[in-house]
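Values in this text are rule-based calculations from the coordinates and carry no lab data. Not measured: the values here are computed from a predicted model. Don't worry about glycine lacking a Cβ; one is built from the backbone with ideal geometry, like all the others, and counts go over all protein chains shown.
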Amino acid sequence: MKLALPRLGNIEVINNTILTDMGHELVEAPPNSKRTMDLGVKYSPEYCCLPLKIALGNMIEAIDLGAEGLIMAGGWGPCRFGYYAQVQRDVLLDLGYNFRMLIFELPRKEGIRTLWKNINILRNGKSWLYMVKQLRFAWQQILLTEELENKVLQVRPREKKKGAASRILLKSIREIKQAKDINTLEQIRKETMEKFAEATNPHMQNLIRVALVGEFYVSLEPFVNHHLEEKLGYLGVEVVRKNSIEAWIAPIMKLHIFKESFKEEKDIEQAAYQYLAHSVGGEGQTSVGNVVLAHQEGLDGAIQVVPFTCMPEIVAETILKKVSEDLDFPTLTLTYDEQTGEEGLNTRIEAFIDLLKMRRKRVNVS
Ligand code: SF4
């Protein structure tokens, strides 16, 4: 079957492992672009949130390139992610597309049969053992990708030559995508870390450090957040990314092997508890907890990214005002929609970083 996945950061690293190696034909949606956004916005219901619209744009582009099946994650409330896949499927059917939507989500009673069917389509006649092996390897590819993405956030503000860190990462991502075994991944990891070390100016210490919190998709997809991590890095800021695919998937799967991620989830909930004692869907509670933790970790401030109309992040934004006041910890909320302009965004980011630098100076003088 010709299958496609919507884009999300560097998630493409697993495409070969879970699709091509399973005997499917891979159709890669083109990288997110203005066209992707325009298609998604044009055909989505207006009330839908930005990530749904962009993923819909990905799907249209993939089907136009020949995809017969689309793989999509699902969920169960309380935020709108729970019905993303169903809305996207209905919109695409209304547009006259002929395709199959393979939704992977933790099933409730009636969903078990559908999930079973979708798993078997993905398995494509291969043995269960082989499939488990591929999924485990895909997981390792994701972990390494995120480790390098986090490392690049430390290297970028210290790089000797502008752009070097991003170029090193890009090359490594391509290699991770082609890798077939753990030894190769380990080799990529070792070589990339060496290149990062060579590219780093070791004398650049005590940089401003900022936590990046907020909605999962917007924080991890550079096209949507207007390359926020790069912008900050080139302003000399070390970004501490608080969201990750690992932390998103592990608790959903509730699997014992992810117990480290469970611990982190618990710590975040505990940190948020005083301000927001229960989940409000999406990353709402996580954003609050992560800002409290960022303060405890001695970071200089936090930036929250919010897709326009995202209920969980709007709740968090309101609460973060109080958190920021109580802890004397600066936060900046950036709201994104299809109209977001580059200039206004840059001005706000630069003003926030100037504020953090001034606070640092004040602390150093006193
Ligand atoms: S977290 Fe916000 S943007 Fe993401 S799906 Fe839920 S409501 Fe939409």
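Just a few scattered comments:
- Using the average count of surrounding beta-carbon atoms within 10 Å as a protection proxy, the listed peptides 134-144, 115-125 rank, highest first, as 134-144, 115-125.
- Once the Cα-Cα distance is subtracted from the 0.36 nm per residue extended length, the Met193 to Asn346 segment shows a gain of 52.0 nm.
- Ranking Leu122, Met59, Pro107 by Cα position along the charge dipole of the chain, where only Lys, Arg, Asp and Glu carry charges on their C-beta atoms, puts Leu122 farthest toward the positive end.
- Length added when fully stretched, Asp267-Arg359, from 0.36 nm per residue minus Cα-Cα: 30.3 nm
- Charge tally around Asn201: other residues with Cβ under 10 Å, Lys/Arg +1 each, Asp/Glu -1 each, net +2.
- Amide H contacts under 5 Å for Cys48: none, restricted to partners 5 or more places along the chain or on a different chain, H placed in the peptide plane at 1.01 Å from N.
- Computed magnitude of the charge dipole of the stretch 2-126 (debye, nearest 20; Cβ of K, R +1, Cβ of D, E -1): 360 debye
- Per-selection Kirkwood Rh - the stretch 206-366 (Cα, Å, 1 d.p.): 16.1 Å
- Unit charges on C-beta of K, R, D, E only; dipole of the chain, Debye: 700 debye
- Summarising the amide proton neighbourhood of Leu332: residues at separation of 5 or more, or on other chains, whose placed amide H is nearer than 5 Å comprise Ala302, Ile303, Gln304.
- Sum of side-chain charges, Gly163 neighbourhood, beta-carbon under 12 Å (Lys, Arg +1; Asp, Glu -1): +3
- Sites His203 and His227, calculated FRET efficiency, Cβ-Cβ separation with R0 22 Å, nearest 0.05: 0.25
- Asp64 paired with Glu46, simple spin-label distance in nm, labels 7 Å along Cα-to-beta-carbon: 2.4 nm
- Label-point gap, in nm, between Lys2 and Thr318 - each point 7 angstrom along Cα→Cβ: 4.8 nm
- For Lys2, nonlocal amide neighbours, meaning residues 5 or more places apart or on other chains whose placed amide H falls under 5 Å from its own, are Glu25, Glu68, Gly69.
- Treating each Cα of the chain as an identical point scatterer and summing with the Debye formula, the log10 of I(q)/I(0) at q = 0.12 Å⁻¹ comes to -0.97.
- Most positive-pole-ward Cα, Gly23, Trp76, Asn346, against dipole of the chain from beta carbon charges: Gly23
- Lysines with Cα under 28 Å of Lys190, excluding same-chain neighbours fewer than 8 positions away: Lys133, Lys151, Lys160, Lys161, Lys162, Lys171, Lys177, Lys180, Lys231, Lys242, Lys259, Lys263
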